[in-house]
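Enquirer: One structure follows; several queries about it will come next.
The values are calculated or read from the model by the stated rules, or taken from the named source; none is laboratory data. Bear in mind that the values here come from a model prediction, so they are computed numbers and not experimental data. Just the protein is used for accessible areas: all its heavy atoms, side chains included, with ligands, DNA and RNA removed. Shrake-Rupley method; radii C 1.70, N 1.55, O 1.52, S 1.80 Å.
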Amino acid sequence: MPPRAYNSETRKQQQAGLRARIAAAAAQLHAEKGVLGTTYSDIALRAGVSLPTVYNHFPTRDHLIPACTAHVASRAPALPVELILSAGNLDSSAAAMVDAVERLHAYAEPWASWGESRLVPALKEVMDARRKRLADVVGQLLELHLGPGDHRDTIAIWESLLSFDMWHRLARDHKMPRATVRRALHQLLLAGAGSWPAASPSRPAPRKSKCSPSPPRST
C-alpha cells in the first residue's frame, strides 16, 4: 500500500491554530500579570502545551508581542473613522472621537494599565503605530473642519488628550465619573483647536458698598 500523502494544508492549519492558542494564553496572562511578569513557562501551562512548543512558535518576546497585541486588537471595538469624519462639524466630530476612544481605553485597560511600553521595545513599537494611526485620523478631522494648513501642534494636543494615560488618570486615579471625563476631554479638544474655551471666565458681580446710603435729610 503506497504511503498516504501528507496533507501540508492541514498541517499549516494545525500550526496556525496552535500559534493562536499560545498567543491568546499569553494575552490573558499579560492582562493579569503584565508582560514583564509573565514567563514562557506560565504561557505553556496556560496554553496546555510544552515549553519547547512555545519557543518554537515564538523564540523571543519580540516575536510574541505582535501576536498577542494582534489577538487583543482583533476583539477590540473598532474606531469608527467614517462616523467621526462625517459628524458634520468640529464639535460633533470631537464628541464622536472621545466616545470611540474611551471605549477603546476601557477595553484595553487590563493591558495598558501596566504601563510597560517604555520598558518593552516591541510593545512600544506597537503602541507608537497605534498612536500614529490615531494622529492620522485627527489630522483628517482637523483638515476637514478647519481647512488645509499646518495642524501639527493641534494634532499633538489632541493625541495627548486622547491618550490612555490621560483617560486612566482622570477616570481611575481621580475617580471621576466617565461622563464627566468625556465632557472634560471634549471641551479640551475644542479648546486645543481654538474653537471653544475650556472654561469661560464668569464676569464678577459688581461689588456692593459696605456703607448703606444715608436716607435723605428732611428740610
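Enquirer: Please calculate how many Å² of accessible area the range 30-111 carries per residue, with a 1.4 Å probe and no DNA, RNA or ligand atoms counted.
Expert: 48
Enquirer: Which ³J(HN,Hα) values in Hz, rounded to whole numbers, follow from the phi angles of the range 70-85 under the Karplus curve 6.51 cos²θ - 1.76 cosθ + 1.60, where θ = phi - 60° and Gly and Pro get x?
Expert: Rounded to whole hertz, the list is 5, 4, 5, 5, 5, 10, 7, x, 6, 7, x, 4, 4, 5, 5, 6.
Enquirer: Next question. Calculate one ³J(HN,Hα) per residue across the range 13-29 by plugging θ = phi - 60° into the Karplus curve 6.51 cos²θ - 1.76 cosθ + 1.60, and present them in order as whole Hz with x for glycine and proline.
Expert: 5, 4, 5, 5, x, 5, 4, 5, 5, 5, 4, 5, 5, 5, 4, 4, 5
Enquirer: Ignoring ligands, DNA and RNA, what percent of the accessible area of the chain is carbon or sulfur (1.4 Å)?
Expert: 56
Enquirer: Any idea what the relative contact order of the range 95-177 is, in percent, if you count C-alpha pairs under 8 Å spaced at least 6 apart?
Expert: Answer for the range 95-177 is 29 percent.
Enquirer: Could you give me the ³J(HN,Hα) list for the range 150-161, computed from phi with Karplus coefficients 6.51, -1.76, 1.60 and θ = phi - 60°, whole Hz, x at Gly and Pro?
Expert: 8, 9, 4, 5, 5, 4, 4, 5, 5, 4, 5, 5
Enquirer: Need one word for the range 1-115: rounded, prolate or oblate. Basis is the Cα gyration tensor (sqrt eigenvalues a ≥ b ≥ c); a/c below 1.5 gives rounded, then a/b vs b/c decides.
Expert: oblate
Enquirer: Moving to a separate point now. Run lengths n ≥ 4 of DSSP H only: what is the helix-derived mean residue ellipticity at 222 nm for the chain, with -39500 (n - 2.57) per run over all residues, to the nearest 500?
Expert: So the calculated ellipticity at 222 nm is -20500 deg cm²/dmol.
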